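Right, one structure below, let's go through it.
The values are calculated or read from the model by the stated rules, or taken from the named source; none is laboratory data. Owing to the predicted nature of the structure, the values given are computational and were not obtained by experimental measurement. Ideal geometry is used to build each Cβ from the backbone, glycine not excepted, and the neighbour counts take in all protein chains shown. Note: areas computed on protein heavy atoms with side chains; ligands, DNA, RNA excluded. Shrake-Rupley method; radii C 1.70, N 1.55, O 1.52, S 1.80 Å.
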Amino acid sequence: MTDTNKQNSFYNKLLQLAIPATIQSLMLALVAVADALMLGSIEQNAMSAVTLATQVQFIQNMILGGVVATAAILGAQYYGKGDKATLTKIFHICLKLGGFISIAFFILCEFFPASLMHILTDEQVLVDIGVKYLKISAFSYLITGISQSYLTMMKVSGHQRFTATVSSSAVVVNIILNAVFIFGKSMSVEGAALATAITRVIELTACVILSYRSTFIRPDFKKFFESTPLLFKDYCKVMLPILGACLVWGVGFASYTAFMGHMGTDAAAANSVVAVVRDLVCCITDGMAVGGGILIGNELGAGKLDVARKYGDRIVIIAFVIGAASSIIMLAVTPLIVHFVKLTPEAVTTLYGLMVVMGVYMIGRAVNTIMINGIFSAGGDTMYDLYSLAVTMWCLAVPLAALGTFVFSWSPVIVYACTCLDEVGKIPWTLFHYKRYKWLKDLTR
């Protein structure tokens, strides 16, 4: 095969994996967009409160992210090796851990919603609204871990199109139900929460039905509780650093939102809008991280380390291109965003400043996400993420933002810029670590 054909083969494989993952990420982000636009068109405080309340789900997703990311890393390598029996066992471990986490967050949101909201804001009006949202959305958190486990197995076993289809369909249903409950039934935040809960039930049902098709991976309930000590040891070895990094990043990122929540309703509202736009634009980055990680994982599991290294070099270049494009998009859409939500003049001024900061941040976000969550994780090099977050986020960004919020009373834009220092600051460090090629590992037995 010529070099040109090999390059074409690489890009074809990458796009086949990355596009469905991008669509899935995009559709999930559109739910947040729909919530923000619908609630924002009714009341600024409703939008702000729901954005703050969903930080609880954000933390849950970070913990689940450690569980399902491990399943994806090991699953991609074993699928590349052709070992579907072990892939099923990985699915069992993922389901057990994901189910336990979902139950824990259901209990927190259903029985202690006020305590959770007080962590995020001291504005009582936002606390009261957020409590209403959490008590209903708790039921969606109950099944999220199970549905995410199913979707992950579809991704790594060659059925990426189905994950995109299921997620896209779920989003369409969610948006329709949002419109019905928020506007038709005048339920506001309760309607948004109820729509999400119903959608998660439909999503899980679709996943279970699809899993019984031929070539799909599904649980073998006769062997579901069988002990697999060696595999579980491998799972934990990969998962614990990821889980630590997810928790460190998730709690840190949620604290950023809490800082803005403590700076008044205008800052909280502006941050809510920026968060939605950021997550929407980051869909391409997230999709590339997933697709690139699976592609490299398949090659590593097949023992083709030289091929995986070449693929990694190409994906690094793509990461910088995506980062630059994301920055341009953030700045270009800013004037349009202002016209779609009802904000006070003070909130609009803050919003413009935050979007400029976000334009710079997006370069670091794209490069680090694709390299750390995609390339490094594919080979089980999961400790780097934890180390880098401990330094750049918790020794730099969080302390500066906390001081700016509670001690020096800096403007919301300056505080927000402090929260973005972690991603921008670790680009050189990430590139240096990449060149050491510690991530080139076959994890299969």
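At a threshold of 8 angstrom on Cα-Cα distance, excluding pairs fewer than six apart, so keeping six or more, what relative contact order does the chain reach in percent?
Values: 687 pairs, mean separation 105.4, N = 445.
Relative contact order, the chain: 24 percent.
Rank by packing, highest mean first: peptides 359-366, 210-217, 80-87, with packing defined as the count of other Cβ atoms within 10 Å averaged across residues. Intermediate results must be reported in sequence, preceding the final value.
Numbers: 359-366: 22.1, 210-217: 12.8, 80-87: 16.2.
For the peptides 359-366, 210-217, 80-87, the packing ranking is 359-366, 80-87, 210-217.
Taking a ≥ b ≥ c as the square roots of the eigenvalues of the Cα gyration tensor of segment 281-377, is the shape rounded (a/c under 1.5), prolate (a/b larger than b/c) or oblate?
Numbers: a/c = 4.00, a/b = 3.33, b/c = 1.20.
Prolate, since a/c reaches 1.5 and a/b exceeds b/c.
Calculate the spin-label point distance for residue 201 paired with residue 172, positioning each point 7 Å from the Cα along the beta-carbon direction, and give it in nanometres.
2.1
Output ³J(HN,Hα) for segment 45-56: one whole-Hz value per residue in order, computed from phi by the Karplus curve 6.51 cos²θ - 1.76 cosθ + 1.60 with θ = phi - 60°, and x for Gly and Pro.
5, 5, 5, 5, 5, 5, 4, 5, 4, 6, 5, 5
Using a 1.4 Å probe on the protein chains only, how many percent of the accessible area of segment 115-200 belongs to carbon and sulfur? Please list the in-between numbers first.
Details: 2040 of 3120 Å².
Within segment 115-200, the accessible surface is 65 percent carbon and sulfur.
Can you list, bin by bin at 10 Å, the percent of alpha carbon pairs in the chain, starting at 0?
5, 21, 32, 27, 12, 3, 0
Give, in nm to one decimal, the length gained when the segment between residue 15 and residue 360 is fully stretched (0.36 nm per residue of separation minus the Cα-Cα distance). Present the calculation step by step, with values, prior to reporting the outcome.
Working: separation 345, 0.36 × 345 = 124.20 nm, distance 2.63 nm.
Here the segment from residue 15 to residue 360 would lengthen by 121.6 nm.
Leaving out ligands and nucleic acids, note down the accessible area per residue over the chain with a 1.4 angstrom probe, in whole Å². Each step should come with its number before you reach the end.
Numbers: 18020 Å² over 445 residues.
For the chain, the per-residue accessible area is 40 Å².
Need the full-extension length gain, residue 387 to residue 414, defined as separation in residues times 0.36 nm minus the C-alpha distance. One decimal, nm. Don't skip to the end; give the middle numbers.
Numbers: separation 27, 0.36 × 27 = 9.72 nm, distance 2.57 nm.
Extra length available between residue 387 and residue 414 comes to 7.2 nm.
Ignoring everything except DSSP H segments at least 4 long, calculate the 222 nm mean residue ellipticity for the chain; use -39,500 (n - 2.57) per segment, divide by total residues, nearest 500.
Values: 17 runs with 355 residues, N = 445.
After summing the helix terms and dividing by the residues of the chain, the value is -27500 deg cm²/dmol.
Quick one: with all protein chains in place, what share of the accessible area of segment 317-445 is carbon or sulfur, to the nearest percent (1.4 Å probe)? Display every interim value, and only then the final one.
Numbers: 4250 of 5720 Å².
Roughly 74 percent of what the probe reaches on segment 317-445 is carbon or sulfur.
Using a Gaussian network model on the chain with a 10 Å cutoff between Cα atoms, which of 220, 286, 128 fluctuates the most?
Fluctuation is largest for 220.
With 28 Å as the limit, write out which pairs from 233/310; 222/304; 13/223; 237/435; 89/310; 132/426 have Cα-Cα distances beyond it, or answer none.
Values: 233/310 30 Å; 222/304 35 Å; 13/223 34 Å; 237/435 23 Å; 89/310 31 Å; 132/426 39 Å.
Long pairs (Cα-Cα over 28 Å): 233/310; 222/304; 13/223; 89/310; 132/426.
Please list, ordered by chain and number, the residues whose modelled amide H lies under 5 Å from the amide H of residue 282; skip anything fewer than 5 residues away on the same chain.
Placed amide hydrogens put nothing under 5 Å from residue 282.
In a GNM of the chain with a 10 Å cut-off on Cα contacts, which of 188, 157, 115 has the highest mean-square fluctuation?
Maximum fluctuation in the GNM of the chain, among the listed residues, is at 115.
I need the phi-derived Karplus couplings for segment 351-362: 6.51 cos²θ - 1.76 cosθ + 1.60, θ = phi - 60°, integer Hz, Gly and Pro marked x.
Per residue, the Karplus-derived 3J(HN,Hα) values read 4, 4, x, 5, 5, 5, 4, 5, x, 6, 4, 4 Hz.
Residue 103 label point, 7 Å along Cα→Cβ, cut-off 17 Å on backbone N: hits in segment 209-245?
The answer is 224-226.
So between residue 228 and residue 240, what do we pick up on full extension, going 0.36 nm a residue minus the alpha carbon distance?
Values: separation 12, 0.36 × 12 = 4.32 nm, distance 1.75 nm.
That works out to 2.6 nm of additional length.
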